[in-house]
Amino acid sequence: MVNCGLFRKPGPTAAKAWRRPGAFPILDPPIYLGELMRHITRGAAIVSALVVLSASMASAQRPQTRKGFWIGFGFGWGSYGISCSGCSGLGREGSYTGHLVMGGTLNPHLLLGGETIAWSKSEGGATVTAGNVSLAAHYYPQPAGGLFLSAGVGFSRAEVSGGGSSSGETGPGFTVGGGYDMRVGTNVSITPVANFVYGHPTDGLSHNFFQFGVGVTFH
């Protein structure tokens, strides 16, 4: 049984640790390297296909202009895992992700704003939600292009809810990733993204997930 106090199933079974067999086996059975690579490959293939499509459409794209306020949001898929003191046999689990980012344009190369990226899965009457809220920068190596790199630092949270109650912890975290703006309108882009999200919600517990998603950005 994992001694991660955060992961306790809420409600009448609160005394039972989340990782006790049968309590809430969201990461059982363990996912090994081959399966993890299949999770990553599936998401990467989707993003890669969109990037290739965007390249073929480049000649028809509108100019990549960025100024003032911007906002973007989207959904995707992610592979989540945890590490904690006393843990053994932990695997990873795939589920849906969502992201929201907004901010201002500092110059043609650099955008700065707030970013939220989250992963969530429900099973056995309970829901695990993990995510980061960060101050993030998006850097465009070529202002006339759509490719950008991103990084952010802030807070990370892991939470279990169900049975009318919830428990969670919050600590430091960071994100790194990138994406590509496929301009489809004067101020609108379709934006595939790939991110690595890491957090340390409490002593003895860290978590991370890989996110592959597609969103809409308004410049």
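The values are calculated or read from the model by the stated rules, or taken from the named source; none is laboratory data. It should be emphasised that the depicted structure is a prediction, and the values quoted were computed from it without experimental measurement. Counting neighbours? That spans all protein chains shown, and the Cβs are built from the backbone with ideal geometry, glycine included.
Looking only at residues of segment 66-121 that are of a type in the set (Phe, Trp, Tyr) and within 11 Å of the chain's Cα centre (by Cα), we find that the one that is nearest to GLY204 (Cα to Cα) is TYR80.
Reported count of residues in segment 164-198, each being in a strand (DSSP E or B), out of contact with any Lys or Arg (no Cβ under 7 Å at 6 or more places or on another chain) and under 27 Å from ILE71 (Cα atoms), is 21.
Residues checked against (1) at pLDDT 60 or above; (2) surrounded by 16 or more Cβ atoms within 10 Å (Cβ to Cβ); (3) over 24 Å from PRO141 (Cβ atoms):
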residue	(1), (2), (3)
LEU53	no, no, no
GLY78	yes, yes, yes
GLY81	yes, yes, yes
LEU106	yes, no, no
HIS109	yes, no, no
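If you filter segment 192-207 down to residues that are over 13 Å from GLY76 (Cβ atoms) and surrounded by 22 or more Cβ atoms within 10 Å (Cβ to Cβ), you find that the one that is modelled with the lowest pLDDT is LEU205.
Checking the structure you have, find out if any residue of segment 112-132 is outside any strand (DSSP E or B) and crowded, with 19+ Cβ neighbours inside 10 Å. Step through it out loud before you land on a result.
First, the residues of segment 112-132 that are outside any strand (DSSP E or B): 124-125.
Now narrow it down to the ones that are crowded, with 19+ Cβ neighbours inside 10 Å: none.
No: segment 112-132 contains no residue that is outside any strand (DSSP E or B) and crowded, with 19+ Cβ neighbours inside 10 Å.
Determine if segment 151-161 includes at least one residue that is surrounded by 22 or more Cβ atoms within 10 Å (Cβ to Cβ) and of a type in the set (Lys, Arg). No - not one qualifying residue is present in segment 151-161.
Does ALA144 satisfy the criteria of being among the aliphatic types (A, V, I, L, M), crowded, with 19+ Cβ neighbours inside 10 Å and out of contact with any helix residue (DSSP H, G or I) (no Cβ under 8 Å at 6 or more places or on another chain)? Full working, then the answer.
Numbers: among the aliphatic types (A, V, I, L, M): yes; crowded, with 19+ Cβ neighbours inside 10 Å: no; out of contact with any helix residue (DSSP H, G or I) (no Cβ under 8 Å at 6 or more places or on another chain): yes.
Considered against the rule, which asks whether it is among the aliphatic types (A, V, I, L, M), crowded, with 19+ Cβ neighbours inside 10 Å and out of contact with any helix residue (DSSP H, G or I) (no Cβ under 8 Å at 6 or more places or on another chain), ALA144 comes out as no.
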